[in-house]
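Have a look at the structure below before the remarks.
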Amino acid sequence: MDILSAGLMVSDIIVSPIDAGVFSRDTVPIRAPKFLPGGDALNVAINLGRLGADVGLCGMIGRDASGAFLVREAENACIDASHVVLSGEAGTATSIALCEPGGERHFAYYGESNYRFTPDCIGDALLQNTKILHIGSVMGLKAFHGDALCDLFRRAKEYGVVTSMDATYAPDGISFGKIEQALPYTDLFFPSLWEAAELTGRRDVREMRDFMAAYGLRIFGVKLGKEGCYVTDFNEECFLPAFACDTVVDTTGAGDAFMAGYLYGLLRNWGIRGCAVMGSALANFCIRDYGATANAPTLEQVRLFLEEQGIAINL
């Protein structure tokens, strides 16, 4: 397969609109709740599947209706879900997303199946048949830290696999020590601005770049939210503003959509700017609808969108 997306798989329940006064009132009227596939690894995989990439998914779910739903959604997006692991003890991870009218969201999260997912679930036979391994939100995977993450990426590099990861918020805190050992075996690392600041102790993206340069990364990027993104291969750098969006409906999954687009470009050797353009385009589609993947575009939709922006990419 071209890309194996591994990590968080979550059943998302989207509730909106919710304002800060929800806990001061007995009952709050909402729109019909949405039940959607989520979790960073699944979000990335679905976006890639909609683009037509040869993508596989590896994560852990429970033996329950929510887990079966996530597998069906993955297969509907033409994803190879045969490597998803069933847990006999933990239920499928579930997230209740409370969305404010402006698009910001807050989560109530149960993640036991994700916490039990380990690097050993990604065997050598799977790595031998993968071009790119992406770990979706490594900080949210309790078993993917230190020696375990380092061993996984080292094994991947032995088979010539391109390695990628992003960060996310972690209930037990973001710590540079969780990923430091694996960085010499990491090709692409793309945290958000807040995550990068927590990891490096720096506030300027160029200072973050200088900090990360010592670890042998091939590409380092920072997601800047509505400001766009910064990416460097330590020879050249690119600041790319976000594409304009008149109505932001829900920012859930925007970072995952960006990663999917970036990985798609990386697969095609587009260079750091071309990859960032593709990532930014997918993020723009994402924020126009509720849920992380409800508006995931096809390759033709992306092509037409970029043409409207005056950008030509050979898709």
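For the reader, a short list of remarks on this structure follows.
- When segment 1-52 is limited to residues that are in a loop (DSSP other than H, G, I, E, B) and either β-branched (Val, Ile, Thr) or in contact with a Phe, Trp or Tyr (Cβ under 6 Å, 6 or more places away or on another chain) (or both), the one that is surrounded by the fewest Cβ atoms within 10 Å (Cβ to Cβ) turns out to be Thr27.
- Close contacts from segment 276-302, counting a first residue that is touching a residue at least 12 places away in the same chain (Cβ under 8 Å) and a second that is β-branched (Val, Ile, Thr) and assigned to a helix (DSSP H, G or I), with Cβ to Cβ under 9 Å and a gap of 6+ residues or different chains, come to Met278/Val302; Ala281/Val302; Leu282/Val302; Phe285/Val302; Ala292/Ile46; Thr293/Ile46; Ala296/Ile46.
- Residue ID - surrounded by the fewest Cβ atoms within 10 Å (Cβ to Cβ), chosen from residues in segment 210-226 that are over 15 Å from Asp166 (Cα atoms) and out of contact with any helix residue (DSSP H, G or I) (no Cβ under 8 Å at 6 or more places or on another chain): Ala214
- As a summary of the residue check, Val231 satisfies the conditions (1) surrounded by fewer than 24 Cβ atoms within 10 Å (Cβ to Cβ); (2) part of a strand (DSSP E or B) except for the one numbered (1).
- Residue among Thr293, Thr298, Thr251 that alone is closer than 24 Å to Thr130 by Cα, among the hydroxyl-bearing types (Ser, Thr, Tyr) and surrounded by 16 or more Cβ atoms within 10 Å (Cβ to Cβ): Thr293
- Screening Arg203 against (1) touching a helix residue (DSSP H, G or I) at 6+ places or on another chain (Cβ under 8 Å); (2) part of a loop (DSSP other than H, G, I, E, B); (3) closer than 25 Å to Leu282 by Cβ leaves a single unmet condition, (3).
The rows are residues; the columns are (1) free of Cβ contacts under 8 Å to residues at least 12 places away in the same chain; (2) under 26 Å from Ala41 (Cβ atoms); (3) in a loop (DSSP other than H, G, I, E, B); (4) not polar (S, T, N, Q).
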position	(1), (2), (3), (4)
Val222	no, yes, no, yes
Cys245	no, yes, yes, yes
Thr251	no, yes, yes, no
Met259	no, yes, no, yes
Leu263	no, yes, no, yes
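- For segment 306-315, the criterion of being part of a helix (DSSP H, G or I) and touching a residue at least 12 places away in the same chain (Cβ under 8 Å) is met by at least one residue.
Read the figures in this text as sums done on the coordinates, not as results from a lab. For clarity, every value in this text was computed on a predicted model and none was experimentally measured. Heads up, the Cβs are rebuilt from the backbone with ideal geometry, glycines too, and the neighbour counts pull from every protein chain shown.
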